[in-house]
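What follows draws every value from the coordinates through simple rules; no lab data is involved. Quantities reported herein were computed from a predicted structural model and do not represent experimental measurements. Positions of Cβ are generated from backbone atoms using ideal geometry, with glycine treated the same way; all protein chains shown enter the neighbour counts.
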Amino acid sequence: MLEAAAELIGTLPATEVPPPLRRFAQFERRKRAKLAGQHIAALLEKDADFRVKVAEHLRDAEPELVAAIEEGRVPPAADPVRAATVAYLLRSAGWTELAEAARAELERSASASEGEAAERKITALRDELAAIRASRSAELDKLRGELRESKAEVAELRRKLHDARQKARAAEERAAALATETARELATSRETTAAAEKELRKLRARLEQAESAAEHARRAAREGRNVEDVRLRMLLDTLVDAAQGVRRELALPTMIERPADAVAGIEPDKLVHRNLPGRALSDDDPQLLDRLLTLPRVHLIVDGYNVTKTGYGELPLADQRSRLLSGLGGLAAQTRAEVTCVFDGAELDAPVAIAAPRGVRVLFSRPGQTADELIGELVRAEPSGRAVVVVSSDREVADAARRAGARPAVSTLLLRRLSRP
């Protein structure tokens, strides 16, 4: 019935197709019957006109069957399902009986088909069971033969394992005896080696002591000679530079008398000689450092972290060092003074590599030594008479420098001098 209705929808004009089925009209017939089945069934039940149109469509396909159903009779050779379909569409008398008869016929056909299928399945299962039994019997025979072979192989393996265990036990006994003997010999060798190493360490310690004593003696002799030579040369250079500076300051002649001295004339007024720069200035006088840097062969010793923490202590230590050394490099180039910058080595987690500017010596205090102590060593290493300036705001450092013959200056003077272009 649904197939007939679906075929009819495809042949009707679009205006004659019932509205609920119009969207299915363009589908292929089988697809139309599958997707629009519920809509077609509902429409056939409640729309008599549509039902009559479907019946007329069947009349064109099977006119004899339709005519017989209208007359109230069913042809003997007619398919009960198709007869029930035509009767339902025409709503002829007794159509419900025809529908019931068609249902009963379908059930009988289904039962017969199921019985035949079950019988065929049982037959197939019996054949399969017989085949399985035959193959199982052959497989059991095969497995029994393999089992006998395996038992024989296991017996042979057990015999070989027993022989191997006896050989292994004998080998273990021999190995234990060898291990005991080897351990005894090894203990003897270790004792001999320990005694030899102990004697060797004693000899090496004596050799190191002797070499160290000899090296200390050589270094003491060399350093004593070198330090005295350096101190004497430094003092000599300082005296020469000081004499040249005094000669320039006082405009002393190179000779006692010169030919031009015999010529009479009016001479200009002589300039009054100034005192030595910085002698009358306080430690924090703004002009002190400028005057001290004009001294010949002056040595400027800077307490590094004291200066940086005074001027820019908020920076990391590495940035503090870089900024101070950069300024000292420019100061050394301008004044040609000897500049030494001292940092406390205890502030470092590990040794650092620093590219010191030209003319600036950078030193870190040794482990167990403070920067103040290293500054004291530098001041004491200079010969008496050389101009030495120590820049630090630490009162102890300043007092120690003054006692050693150096001129102290506070850190703010150096920071102010470095800030100038």
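Please compute the net charge surrounding HIS162, taking Lys and Arg as +1 and Asp and Glu as -1 over other residues with Cβ under 12 Å from its Cβ. My count for the surroundings of HIS162 gives +4.
In this simple spin-label approximation, GLU62 and ARG361 carry label points 7 Å from Cα along the Cα→Cβ vector, and these lie 12.7 nm apart. Taking 0.36 nm per residue of sequence separation and removing the Cα-Cα distance, the ARG148/VAL81 pair yields an extension gain of 17.3 nm. Take the Cβ atoms of ARG416 and LYS198, set R0 to 60 Å, and the FRET efficiency comes out at 0.35. Straightening the chain between GLU314 and ALA353 buys 11.9 nm, computed as 0.36 nm per residue apart minus the Cα-Cα spacing.
Can you pull the Rg over Rh of the stretch 13-62, Cα-only, Kirkwood? Result for the stretch 13-62 is an Rg/Rh of 0.95.
Expressed in nm to one decimal, what extension gain is obtained for the pair SER189 and ALA118 from 0.36 nm per residue of sequence separation less their Cα-Cα distance? Don't skip to the answer; put the middle values down first.
On the way: separation 71, 0.36 × 71 = 25.56 nm, distance 9.30 nm.
Stretched out fully, the SER189 to ALA118 stretch lengthens by 16.3 nm.
Placing R0 at 51 angstrom, the Cβ-Cβ distance between ARG126 and ALA170 gives a FRET efficiency of 0.20 after rounding to 0.05. Given in Å, the Rg to one decimal and the Dmax to the nearest whole number for the Cα atoms of the stretch 292-403 are 13.5, 39.
Of the chymotrypsin sites (Phe, Trp or Tyr not before Pro) found in the stretch 16-60, none is in coil by DSSP with at most 10 other Cβ atoms within 10 Å of its Cβ. State the Cα centre-to-centre distance between the stretch 341-415 and the stretch 149-178 in whole Å. Taking the Cα centre of the stretch 149-178 as reference, the centre of the stretch 341-415 is 84 Å away.
Projected label points at SER137 and ARG395, each 7 Å from Cα along the beta carbon direction, are separated by 12.3 nanometres.
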